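So the structure is just underneath, and the comments pick up after that.
Only the coordinates and a few stated rules stand behind these numbers; no lab work does. Owing to the predicted nature of the structure, the values given are computational and were not obtained by experimental measurement. Heads up, the Cβs are rebuilt from the backbone with ideal geometry, glycines too, and the neighbour counts pull from every protein chain shown.
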Amino acid sequence: MTNKQTIVSGIQPTGRLHLGNYLGALKNFIKLQNDYQCYFFIADYHSITENYNPKDKPQQILNLAADMLAAGLNPKKCALFVQSDIPAHTELAWIFNCLTPISYLERMTQYKDKAARQKENINVGLFDYPVLQAADILIYHATAVPVGQDQDQHVELTRQVARFFNNRFGQTFTEPKSLHTETPKIMSLADPDKKMSKSLGDNHCLYIDDEPKIIAAKLAKAPTDSGDAKSAGAKNLLTLSKIFSSEKLYNQYLAAAKSGGLRYGDLKKNLAADIAAHFTDYRQAKQTLLKNPDQIRKVLAAGARVASAVAKKTMAEVREKIGISY
Ligand code: AQP
């Protein structure tokens with residue numbers, strides 16, 4: 001047993017990871033695994049609330065696991081597993097469903113956005129997604145959840161669900177808080193007033209496995225301004241430069257912007273090279289991992305064993321408290 005605090009977070013296997021997913025979440029997972037008891041999962045049950053092809057899903061799951069490992073998650077330091085391998089998540093979600101008012105879910109902005117995007121498939125799962133997310137988190141008694149800013153409303157709901165349960169059945173769950181990086185909301189390249197999201201399209205996202213040439217081409221097209229870095233697009237590029245460029249270069253850009261003479265052509269070229277260099281080792285490690293999918297499956301199975309032991313213990317307590325243990 002350890003005295004470390006627990007954190008939980010998941011990423012959906014819905015496609016390639018972009019800089020928003022990396023800078024808002026995964027980069028933090030890699031840092032936090034050294035200090036926390038960590039449960040990181042591939043949120044396959046969440047991902048089926050959107051339109052998808054079942055033939056693609058197994059590879060999407062393996063790809064995401066390869067991404068997370070290649071970027072720096074160490075299976076000796078964290079439990080990395082697939083959500084559906086721990087059926088207790090969905091079991092607990094059902095119990096939470098019976099405590100959560102529909103009106104709370106109707107307020108969720110992500111649900112409203114996604115429902116508007118997939119009008120032909122506004123399914124109950126999409127609506128109930130935050131309750132499953134509450135179960136994902138609370139089942140491990142997490143005290144914190146490393147996520148991007150877009151997930152704050154869901155983490156707040158998780159706290160409310162914990163309260164509903166504790167008030168009705170006695171103190172059981174801890175109320176967790178969001179943990180943000182210094183970049184909790186990376187904006188789209190093509191439309192910097194919007195959050196970088198896969199669903200906006202490839203030209204909006206820099207994927208962490210994009211080849212250097214593609215990174216340069218995408219950045220070259222990103223909208224900016226006359227040189228004072230007051231526009232959302234220029235601010236987004238400076239945010240990226242703060243992370244990926246040398247301090248000296250970043251300070252030069254800031255000084256140039258102050259005098260209204262920031263040359264975005266240079267910034268974009270240097271930034272593209274710095275981002276490509278940052279992910280070189282990751283890209284190679286991912287290719288190596290994908291050549292051995294059985295190794296990835298072994299890591300996921302080991303992670304599931306660790307998660308399952310904790311989840312089972314929580315469920316035994318929950319069943320007892322809600323009165324279905326006979
Ligand atoms: N733009 C972003 N900036 C910072 N953090 C972000 N996250 C997502 N976009 C940004 C964080 O990434 C983690 C994984 O999120 P997810 O699996 O739920 O992916 P997502 O939010 O579905 O990613 P997309 O690209 O936005 O997908 P679509 O377009 O399908 O909705 C989370 O911690 C999230 O906060």
Hey, any hits in region 109-125 for a residue that's within 30 Å of THR280 (Cβ to Cβ) and among the charged types (D, E, K, R)? no
Please tell me if LYS185 is of a type outside the set (S, T, N, Q), touching a helix residue (DSSP H, G or I) at 6+ places or on another chain (Cβ under 8 Å), free of Cβ contacts under 8 Å to residues at least 40 places away in the same chain and within 12 Å of the ligand (Cβ to nearest atom). no
Take residues that are more than 14 Å from the ligand (Cβ to nearest atom) and surrounded by fewer than 16 Cβ atoms within 10 Å (Cβ to Cβ) and tell me which of the helices (runs of 4 or more DSSP H) falling wholly in region 107-181 contain 1 or more. 124-138, 152-169
Restricting to region 1-22, name every residue that is over 18 Å from ASN34 (Cβ atoms) and among the basic types (Lys, Arg). ARG16
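Only one of LEU17, LEU23, LEU62 is closer than 21 Å to ILE296 by Cα and within 12 Å of the ligand (Cβ to nearest atom); which?
Only one candidate qualifies: LEU17.
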Limited to region 266-280, what total is found for residues that are part of a helix (DSSP H, G or I) and in contact (Cβ under 8 Å) with a residue 60 or more places away in the chain? 4
State which residue pairs qualify: first residue more than 10 Å from ILE275 (Cα to Cα) and among the small types (Gly, Ala, Ser) and inside region 198-210, second residue within 11 Å of the ligand (Cβ to nearest atom) and part of a helix (DSSP H, G or I) in any location, beta carbons under 8 Å apart, and separation of 6 or more residues or different chains. SER199/ARG117
Do we have LYS242 as under 22 Å from the mean Cα position of the chain (by Cα), surrounded by 14 or more Cβ atoms within 10 Å (Cβ to Cβ) and within 30 Å of ASP67 (Cα to Cα) here? yes
